[in-house]
1. If I take R0 = 45 Å and measure r between the Cβ atoms of residue 331 and residue 279 in this structure, what FRET efficiency does the formula 1/(1 + (r/R0)^6) give, to the nearest 0.05?
2. For helix 51-62, what angle does its Cα long axis make with the longest principal axis of the chain, in degrees from 0 to 90 and rounded to 10?
3. Can you give the angle from 0 to 90° between the axis of helix 5-32 and the longest principal axis of the chain, with both taken from C-alpha atoms, to the nearest 10?
4. Quick check: pseudo-label points 7 Å beyond the Cα along Cα→Cβ at residue 16 and residue 517, how many nm apart are they?
5. Subtracting the Cα-Cα distance from 0.36 nm times the residue separation, let me have the gained length for residue 495 to residue 27 in nm, one decimal.
6. At what distance in nm do the modelled label points of residue 51 and residue 476 sit from each other, each positioned 7 Å from its Cα along Cα→Cβ?
7. Among 457-469, 255-267, how do they line up from the highest to the lowest mean number of other beta-carbon atoms within 10 Å?
8. For residue 427 and residue 5 in one chain, what is 0.36 nm times their gap in residues minus the Cα-Cα distance, to one decimal in nm?
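What follows draws every value from the coordinates through simple rules; no lab data is involved. Everything numeric here is computed off the predicted structure, so don't read it as measured data. Cβ atoms come from the backbone with ideal geometry, glycine included; neighbour counts cover every protein chain shown.
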């Protein structure tokens, strides 16, 4: 493959601009520090992210490389189509639900991370249990963003996938290290602008290319492949619904989503940010949808790509850069490179900081080294960012499907974390017993239900399913069943154990979590965090003294 020198120069220029912004933001973060520690500034920007920047960074965090390329991949794929390109509407719903129900309580209680409610209420055990799937989900998201970058650069620029991934990962790691949330937030502003301008500049050239058929016709009529609107077969309805809910509601359980709410200047700002991001995320999906439709309407034998088609070569995950390369002028496709790169980088840095926040705040500070200094915590943040980046890079060599990583990350968040988050935030009943039992049983049930994406055969086969391509298709929305099962299990087991111990049906000496003698945590006052329930060791949240001052 010939190296595209103009494209390579454009890529390097973009990265130079992002690094410059990151350096500027790092200086701003140091100057901004007033009452909080530098660690708090790094993780939350001292809770001073205003509405405009908040909207940009919230939207950019989710309109990433997986979002842009995954939407085009779904629209183009003959066995999917537009009806399977669910991410735009899913995230819109997620932002709306998050704004209505989650943003306000999370920001009002001034948590530092998504894990804080669990650490305050349950203590060490559940903190560790919840952090593990949260970190694993972030690693899958990192791999998703890096896969998008690698596929784009190898297609349009001619740079090998491995080199593309490593260069992109290194740039994101560097500017995240420099300024923490400030670098992430302010680079997101530039990245979102590039996404919008870059993709929309490419769309007219692709639509006016004489090779593809009219997408308004191919949306309904069979040409080179099934209509790009797609179809939903009866046997796929449960899977479609399950995937819709998994990605849509699963996003609520990501630290990167809650981190934007927690860094806002006020609860009201956090809510408005979510609602605005819902609208912008849908708007930003339109170019990807159009490009995917054009790709589905193209006879690739008439392009420089030749035959077989991208789908037959298993290159559907990079159909967007392939379309730019073959149906748009080279000078125009460079803008597409910038857009895809900006999208992937905007999510990549979010997941790096997300992982560092949870590990540093909830594991290192509150469990491993309770007396760690602020300087030590900053070092841990930097090390975690680097390690997380390296793991994400390594995962990209396992699979090249963007949707693969996206679904797996959302799976962890939806089935395991979301039921726990709902209970700890909105239920007075839940306790350690219910949380631990719900966690273990939901994880076990999910594994036994199988997952075709990773070749995991089901042990539990719900009646009414069928075998398709040697894979048993479950007739029910498995992930949603697991999530609901976990929710009910947490509440029911919590109530039973609390009743048994408080009425001394079971000896109180067996009450290892002390649910018989605790009360529901309440806010000491409007500007303080909830008191701990089961913290026998006197754990406290990282920066809690600084949080109550802000």
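1. Numbers: r = 32 Å, r/R0 = 0.70.
The calculated FRET efficiency here is 0.90.
2. Computed tilt is about 70 degrees.
3. 20 degrees
4. 6.6 nm
5. Details: separation 468, 0.36 × 468 = 168.48 nm, distance 5.07 nm.
Working it through step by step, the gained length comes to 163.4 nm.
6. For residue 51 paired with residue 476, the spin-label model returns 4.6 nm.
7. Values: 457-469: 11.6, 255-267: 24.8.
Highest-to-lowest ranking by the protection proxy: 255-267, 457-469.
8. Details: separation 422, 0.36 × 422 = 151.92 nm, distance 5.79 nm.
Between residue 427 and residue 5, full extension yields 146.1 nm more.
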